[in-house]
Every structure is written in C-alpha cells, then in structure tokens.
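The values are calculated or read from the model by the stated rules, or taken from the named source; none is laboratory data. No experiment lies behind these values; they were computed from the predicted model shown. So basically every Cβ, Gly included, is an ideal-geometry build from the backbone, and we count neighbours across all protein chains shown.
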Amino acid sequence: MPFSTLGLTKPLLQGVQAMGYGDPTPIQLRAIPPALEGKDVIASAQTGTGKTAAFGLPILQKMGVHGRCRCLILEPTRELAMQVETAIRDFARFTNIRVGSIFGGVGYGAQRIALKDGLDIIVATPGRLEDHLQQGTIRLNEIEVLVLDEVDRMLDVGFLPPMRRIIAKCPKDRQTLFFSATLPPEIAELANFALRDPVRIEIGASTSVVSTVKHGIYTVDPSRKFDLLLALLTATDYQSVIIFSRTKHGADKIAKKLRANNHSVAVLHANRSQNQRIEALHGFKSGKYEVMVATDIAARGIDVAGVSHVINYDIPQHPEDYVHRIGRTGRALQTGDAFTLITPEETKKLTAIERFIGQKIARLTLDGFQVPPNGEAQRPQAPKVEPRMDGRSRFGRQRNFRRR
C-alpha cells in the first residue's frame, strides 16, 4: 500500500518521495490514519520502524500552512531532538511550515531568535523547554498537537516530573500522540494522565529484536577483545558501523586505538561538547567517518540510514539496552548485522538478554581466535563476514586512511 492511499496532501507526498521512502512501514500504516482523524494514539513499535514519519506526517497535514506555534514534540535527548527536527523539516520541504528544535548544551540566543521569528512546530527536550517557559519565550496555550516520543527513555532519565508539568500547561482539548519502543507498567499512569480514549497500536513484541537484523555472540578472552574487534572490522564488508562501549573512558580508548590502526572514527558520549556531537553525527552520516564509537547515549539517539553493522564491544548492562543498541542497524526494513563480544565471565548477562528477547543468540567464531572451553561457540562462521580482498570501503577508497 503506497503513501498516496493514506490521504496525505500532495506537498507531503512530494516530501516523502524526495526522501526516498517506498511503501509505508506497519507502524505508519496503522498510526497515520487515526492521527489524521484527530484521535489520540498510543503506539509501541520496535526501534527503527519509522515512528517519526508516523507522527510527523499527520502533524504537518494538520498544520497546513505557516501560522502560530501549534505543535510540541518532546524528545529525551538533544540528538533525538535534532534528528526529529531534520526529518520533519525534510517532510515539509514543499510547504512553508517552520520547524525548530530547543535543547540544552548550547546558548539561548539562536533559539530565542527562532522562537521570535515564529515556529509552527517545536521539537524540545523537557529541561530546556522549561527554561524557556520560565523566561516567557515560549507559550503552550495554543498547542493543538502534543507528541511524547521515546517515552520509555524519558522515564529512564527521570523526565516524568517535567513531562507532567509541561503536559499540564497545554490545552486540555489538544490531540496527543504517544510513541514508545516499549510500554512498561510505569508508562500506563502517564498515558492515563495525558491521553483521552486513545487508539492503541502495538507492532511486534516490544522486547524482540527487529527481524531484519542478524545478530550473534563472539566469546573471547579479555586480553584479546580489541584484537578480535580489529579482525571483525577487517573481515566484515561493512558500509558503516557503530561500536558500543559501556563507559565514556572506554569509548575514548577504543577510538584512539582504532585511529592508530588507520580507521576513520567519530566518538559520541556525554562528555563531548555539543559542537563535537554535531560534528561526529554529521561526519558519520556523510561518510567522513566509517566507524562511530559511542556509549548508550546513542542507543536511542542515533537515526542514521545505512548503518550496516553494530558491534557491542561491551555487553549491555541492561537487557533492554541490547534491543535498542542493535536496533541502530536494520532500520526501516533494511537488513543489518550485530555482533556482541563477551568474556567467559559475562555469561549470566548473556542469559538475561536471551531471556528478555525470548530467543537464543547464535554463537559465532572467527578463524584465529580460540574460543574459551566454557564458551558455547558453534561453527559455521558468522553470516555476512566475508573478507574484502581489495580492502576498499563503499566509497572505493582504501581503508588505510592517513592520519591528519
């Protein structure tokens, strides 16, 4: 079923086509029609299934043309706020709707100017939004559509109190769209507070891995973990890869060692400045960097098309983080691969992940790396791990980048 059957206007269909979208994903098919009818929606879908378009396109259709501020979208992180703003701006490229993002870590000047010039849609993080509310630079009394996105993540980082305060400042007769990758019990109370007789949508199991991702486990001695990482990068025909580290210090250390081995690397974690984060994301999206090393700040904060591989250098602390990490690949029905490196002492964490997702994860091996006796490795080799004889990337360049 094409987007043209969903009742979208011609300018929005042109925007969808310009972004290269094909047919709608399941969450878009089920969420767009009730949202266009003005109904409240509570939707749960696996990460990478196209939730931004599912709420962004109905909002733009309701806005119609540029006017006053009528829509507020709340996001848990500045990275998500920027990415959602960019996506909605792209959808709206053939309209005169104005979209802007409000988040912390940067000065207030440019945000005040954008607000003064007039925005139809504001994408904001709760903390900075409350600052603007206190300063009187934003008013929510004319909000017609409120979007609460990645609600489970906002609860994780302690945004429940500010979310309640912000919701209370919006008109009661608004439309509310409520999107989350998972729907834990804590969310039910907030949903009852924010929504009125919502349409409920759930796409797939909220604890399952996206079906387009092949994932496997490599068991390795701790002293050889980085060597295995290098071997995987050499043996894998990747377009771009995200490597997850448990700590900020670990991410910096991995990135430094990868650069020493002639890999082009970006780094993303909480200690990076806003300008550094923006440069890292833009560089990774454009292909300047083929590898990004990140902490869990990026597990739900990165939406980059074409990430072919994810490597968990450190096994996640929480099972649900496994789903979100590997969901950075295989997005929008594309295929991807995800590998996790574990030591023999981490088998309990692996068991917890398998119990959470309800499936056994394939044990993989790579030639030259002996699997510890208490590992559960099985052959054959990992899927899609085929040597590149020419050593070239998708850009046709040799992988041996010169350090500058």
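Scanning the stretch 319-348 for residues that are over 13 Å from the mean Cα position of the chain (by Cα), hydrophobic (A, V, I, L, M, F, W, C) and closer than 15 Å to VAL213 by Cα yields LEU333, ALA338, PHE339. Scanning the stretch 276-321 for residues that are at pLDDT below 90 and among the acidic types (Asp, Glu) gives GLU279, ASP296, ASP303, GLU320, ASP321. In the stretch 58-74, what residues are farther than 17 Å from ASP40 by Cβ and either assigned to a helix (DSSP H, G or I) or out of contact with any Gly (no Cβ under 9 Å at 6 or more places or on another chain) (or both)? Those that are farther than 17 Å from ASP40 by Cβ and either assigned to a helix (DSSP H, G or I) or out of contact with any Gly (no Cβ under 9 Å at 6 or more places or on another chain) (or both): LEU60, MET63, GLY64, VAL65.
Being assigned by TED's automatic domain parsing to the domain that holds ILE342 and assigned to a loop (DSSP other than H, G, I, E, B) is a property that GLN276 lacks.
Do we have LEU177 as of a type in the set (A, V, I, L, M, F, W, C), touching a residue at least 60 places away in the same chain (Cβ under 8 Å) and farther than 27 Å from HIS318 by Cα here? Taking the combined requirement at face value, the residue satisfies it. When ARG259, ARG196 are checked against the criterion of being modelled with pLDDT of 90 or more, out of contact with any helix residue (DSSP H, G or I) (no Cβ under 6 Å at 6 or more places or on another chain) and assigned to a helix (DSSP H, G or I), ARG259 stands alone in meeting it. Looking only at residues of the stretch 109-123 that are touching a Lys or Arg at 6+ places or on another chain (Cβ under 9 Å) and either hydrophobic (A, V, I, L, M, F, W, C) or over 20 Å from ARG165 (Cβ atoms) (or both), we find that the one that is surrounded by the fewest Cβ atoms within 10 Å (Cβ to Cβ) is ASP117.
For ASP337, are the conditions met, namely being among the charged types (D, E, K, R), crowded, with 19+ Cβ neighbours inside 10 Å and closer than 30 Å to ILE27 by Cα? Here the answer is yes, as ASP337 does meet what is asked. Is it the case that the stretch 294-315 has a residue that's more than 23 Å from ILE88 (Cβ to Cβ) and part of a helix (DSSP H, G or I)? Taking every residue of the stretch 294-315 in turn, at least one turns out to be more than 23 Å from ILE88 (Cβ to Cβ) and part of a helix (DSSP H, G or I). Counting only residues that are of a type outside the set (Val, Ile, Thr) and closer than 21 Å to LEU133 by Cα, which one in the stretch 81-104 is surrounded by the fewest Cβ atoms within 10 Å (Cβ to Cβ)? Ranking the qualifying residues of the stretch 81-104, first place goes to GLY104.
What residue, of ILE42, ILE88, ILE73, ILE59, is touching a Cys at 6+ places or on another chain (Cβ under 6 Å) and either under 23 Å from PRO126 (Cα atoms) or not assigned by TED's automatic domain parsing to the domain that holds HIS269 (or both)? When all the criteria are applied, what remains is ILE59. Would you mind stating whether LYS285 is surrounded by fewer than 16 Cβ atoms within 10 Å (Cβ to Cβ) and either free of Cβ contacts under 8 Å to residues at least 60 places away in the same chain or over 23 Å from ILE326 (Cβ atoms) (or both)? So LYS285 fails the test.
On the stretch given as the stretch 202-220, residues that are at pLDDT below 90 and either surrounded by 16 or more Cβ atoms within 10 Å (Cβ to Cβ) or not in a strand (DSSP E or B) (or both) total 12.
Among THR52, THR5, THR25, which is the only one that is β-branched (Val, Ile, Thr) and free of Cβ contacts under 8 Å to residues at least 24 places away in the same chain? Unique residue meeting the criteria: THR5. Put simply, of PRO11, PRO34, PRO58 the only residue that is crowded, with 23+ Cβ neighbours inside 10 Å, in contact (Cβ under 8 Å) with a residue 24 or more places away in the chain and over 29 Å from ARG277 (Cα atoms) is PRO58.
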